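Below: the structure, in C-alpha cells.
What follows draws every value from the coordinates through simple rules; no lab data is involved. Because the structure is a prediction, the values reported are computed rather than measured. Don't worry about glycine lacking a Cβ; one is built from the backbone with ideal geometry, like all the others, and counts go over all protein chains shown.
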Amino acid sequence: MRKPLIAPSLLSADFANLERDIRMLNESNCDWYHLDVMDGVFVPNISFGFPVMQAMARVAEKPLDVHLMIVEPEKFVPQVKALGARVMNVHQEATIHLHRLLNQIRKEGMMSGVTLNPSTPVCMVEDVLQEADVVMLMSVNPGFAGQKFIDETVEKVKRLREMIDRRNLNTLIEIDGGVSRDNAQMLVEAGVDVLVAGSAVFKAADPKKEIDILKGDR
C-alpha cells in the first residue's frame with residue numbers, strides 16, 4: 001500500500017505549549033503541518049490568526065498547509081505567502097471567483113488547494129481541477145476539532161479519485177476530520193494522498209508512534 005502524507009492539525013495541539021508540540025512534530029515522521037484558520041463567520045468558531053501562525057512558522061521545520069475556513073480568503077494570499085506556506089487551501093463555498101483565486105495562489109508559488117464541505121458534491125470542482133494542486137474533502141462539518149468521521153466521505157473520495165485519474169491529473173486528495181488509525185488504511189485505499197489528523201495524534205499516548213501508524217510504518 002502506498003504511504004500517505006501525514007499533516008497533523010495544530011488545532012488539536014496544546015495552545016499553552018505550541019512550541020513544544022511543534023518541536024515534537026519536527027522530530028516525527030509527519031510531512032506537513034495543518035493550520036486551521038477560523039473566522040467565526042464561515043464556521044461557528046474562531047481559532048488563530050496570522051500573528052500566532054507567524055510564531056508557529058518560526059519553529060516549524062516542515063511545510064505549512066494553511067486551511068482558511070474564512071469568508072473572502074482571496075484577501076489573504078499575500079499573508080499566507082509571507083508565512084512560507086507550501087499549501088493554501090480555500091473553501092469552494094467561501095469564494096465567488098474560485099478559478100481566479102486558485103491561479104493567484106499558484107502565481108505566488110504555493111500549491112493551490114480547494115476544500116469541500118461534507119454537503120458539497122465533488123462535481124463543484126470539476127471545472128477547476130486543472131487549477132487545483134490539492135482537493136481537500138471535509139469528513140466532518142468544519143469548525144471544531146474532535147468530531148466523528150462521516151462515513152459517506154469514503155465514497156466521495158472514490159468519485160473524486162476517478163475524476164482526477166480520468167483526466168490524468170496530479171491533483172492530491174486530502175482528507176480532514178475524524179481521521180484515525182481505524183480508517184486511515186481504508187481512506188488511502190479509496191484514493192487519499194494526504195491525511196489530516198488532529199485528535200488522533202495529539203491525544204495519543206505516543207504522538208510520534210501514532211503518526212507512524214497512520215503512515216502505515218507500524
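What do you reckon, is Leu18 within 16 Å of Gly198 (Cα to Cα) and of a type in the set (A, V, I, L, M)? Lay out the reasoning, then the answer.
On the way: within 16 Å of Gly198 (Cα to Cα): yes; of a type in the set (A, V, I, L, M): yes.
In short, yes.
Residue by residue through region 155-174, note down the ones that are among the aliphatic types (A, V, I, L, M) and touching an Asp or Glu at 6+ places or on another chain (Cβ under 9 Å).
Here is the first cut: in region 155-174, the residues among the aliphatic types (A, V, I, L, M) are 157, 160, 163-164, 169, 172-173.
The answer is Met163, Leu172, Ile173.
Looking only at residues that are in a loop (DSSP other than H, G, I, E, B) and of a type in the set (Asp, Glu) in region 11-55, which one is nearest to Val179 (Cα to Cα)?
Asp31
Being closer than 15 Å to Pro51 by Cβ and not acidic (Asp, Glu) is the filter; apply it to region 15-37 and report the residue that is nearest to the chain's Cα centre (by Cα).
By that ranking, first place goes to Leu35.
For region 12-37, name all the residues that are of a type in the set (D, E, K, R) and touching a His at 6+ places or on another chain (Cβ under 7 Å).
So the first thing to find is which residues in region 12-37 are of a type in the set (D, E, K, R), and the list is 14, 19-21, 23, 27, 31, 36.
If the condition is that a residue be of a type in the set (D, E, K, R) and touching a His at 6+ places or on another chain (Cβ under 7 Å), then Asp36 is the only one that fits.
Within region 56-87, work out how many residues are touching a helix residue (DSSP H, G or I) at 6+ places or on another chain (Cβ under 8 Å) and assigned to a strand (DSSP E or B).
Going through region 56-87 one residue at a time, the tally reaches 4.
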